[in-house]
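Presented below is the structure to which this report refers.
The values are calculated or read from the model by the stated rules, or taken from the named source; none is laboratory data. Remember, predicted model here, so these are calculated numbers, not experimental data. Note that we place each Cβ from the backbone using ideal geometry, even for glycine, and neighbour counts take in every protein chain shown.
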Amino acid sequence: MFLFSCNEIGTEIILGGEDAEVQHKVPLCFYDVLADHFAFEPDERGKPILDLIVQLWSQPFASHIFALLFHKWLFEVTLDRSDLLLRYSSALVQGATNVFWIDIQTNTTHFQSLFRYLLEDVALVPERLKKIPLQAQRDLFLLLSRFIFLYNLVDKLESFFQYFPEFPNAFLVGGPADVFVIELTDQLQKLKVEPVLLHYLSQIKVLQGLELRMTTSTRLKTCLYSFTSPGGPMYPTRAVRHAAWDALDFLFPVGRYPRHVISLFFRLLHPWYWPASCWNFILSCIQAILHPVTRLVFPSRKKHSHEF
C-alpha cells in the first residue's frame, strides 16, 4: 500500500501532474520528486504517507524512507508537539546517515541532492536549522562533517564552521574545526572502499591552515600514519599508502624525513615485503625516465591534433 501510494504520486508528477512545473536538477531522482511534492503543501499532502511510515516505525528501513521523502517537509511544516519534532528529527539524521553509507559502499553519489539540501538549505540557514531541537542540530552537523568530503562540498567549510552549534563539551573537545576533524578521522578509519578512501585522502589537504588543538592534530596525524604501513590492522593498498603519505607530508611537513626513515627501518624488519618494494621501486624509476623521454619525442602531439 505504501509503495503503491508513493509510485502513484511520483508518476503523476513526472507525467504532468499539478506540480510538473517544479524545476529539478539533473539527474532527477524519484525521491527528489516526492520530497518536493510533500513539501509544497506540508499540512495536507504528506499526512497519508506519513501515517503509513509511522505504522512501520519499528522497521529498520522506516528512517531511510522518512529521510528521503520528508527531509524538506520537516522544515516547512509547523509541529506543535515537541516529542513528534524530536522523533522526526532523530529519524531524519539516522535515515540520512544510512543512505549516505549506501553511497559509500557502492562508490556512488545517488543521494547528493539530499546532502546538499541538509547542508546548504538547513545547516547554513539559521531560520530553518532552529526548527529542530538543539541536540538534533548537533547530530546533523556531526553527520555533515563525516560526509562533506564524499559529496565534494569542501568549498563550504568556512561557512559550515561559522554556523556550528555549541557543544556541551566544547571546553574539552575544542572549537568547530576540532569537532569536524575528530568526526573526519573517525570516518576515515571506518572506510573500507578503496576509491572512496582515496577520494577522502585527496581532499583532506584542505585542512591545511586550520587552527587545531594539539590533541586533535595528533589524532589526525595518527590516523593518516595508520594508512602508511602495509599489513594489519588496516591492510591498506599501495595506492592508499601513497595517498596517505602525500596527505601526511602536506599537512605536517615538520618531521617529514624522520618519518620516512623510521618507516623504511620498520619495512626492513619485514623481509617478505622486500621483493614487492624493490619491484615497485624499479617500475617507478623506469616511469620517471620514460616520461620525460616520451615528452621529448612527442612534444606536441595534442597541439598538432588541435591545429587540424
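Going through (1) within 17 Å of the chain's Cα centre (by Cα); (2) farther than 17 Å from Gln187 by Cβ; (3) free of Cβ contacts under 8 Å to residues at least 12 places away in the same chain one by one, Trp101 falls short only on (2).
A quick yes/no check of all residues on (1) farther than 26 Å from Ala243 by Cα; (2) out of contact with any Phe, Trp or Tyr (no Cβ under 6 Å at 6 or more places or on another chain); (3) of a type in the set (A, V, I, L, M):
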| residue | (1), (2), (3) |
| --- | --- |
| Ala136 | yes, yes, yes |
| Lys192 | no, yes, no |
| Leu198 | no, yes, yes |
| Thr218 | no, yes, no |
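Screening Phe164, Phe141, Phe149, Phe171 for residues that are under 17 Å from Leu119 (Cα atoms) and assigned to a helix (DSSP H, G or I) leaves exactly one candidate, Phe141. Take the residues in the range 179-218 that are within 17 Å of Phe161 (Cα to Cα) and of a type in the set (Asp, Glu), then tell me which one is surrounded by the fewest Cβ atoms within 10 Å (Cβ to Cβ). Across the range 179-218, the extreme among qualifying residues is Glu211.
For the structure I just gave you, tell me whether Thr294 is modelled with pLDDT of 75 or more, polar (S, T, N, Q), out of contact with any Ser or Thr (no Cβ under 6 Å at 6 or more places or on another chain) and not in a helix (DSSP H, G or I).
On the way: modelled with pLDDT of 75 or more: yes; polar (S, T, N, Q): yes; out of contact with any Ser or Thr (no Cβ under 6 Å at 6 or more places or on another chain): yes; not in a helix (DSSP H, G or I): no.
Spelling it out, it is not the case that Thr294 is modelled with pLDDT of 75 or more, polar (S, T, N, Q), out of contact with any Ser or Thr (no Cβ under 6 Å at 6 or more places or on another chain) and not in a helix (DSSP H, G or I).
What pairs can you find where one residue is in the range 33-52 and free of Cβ contacts under 8 Å to residues at least 12 places away in the same chain and farther than 9 Å from Trp73 by Cα, the other is of a type outside the set (Val, Ile, Thr) and outside any helix (DSSP H, G or I), and their Cβ atoms are less than 8 Å apart, with a gap of 6+ or different chains? So the pair list comes out empty. The number of residues in the range 161-196 that are polar (S, T, N, Q) and either in contact with a strand residue (DSSP E or B) (Cβ under 9 Å, 6 or more places away or on another chain) or without any contact (Cβ under 8 Å) to a residue 24 or more places away in the chain (or both) comes to 2.
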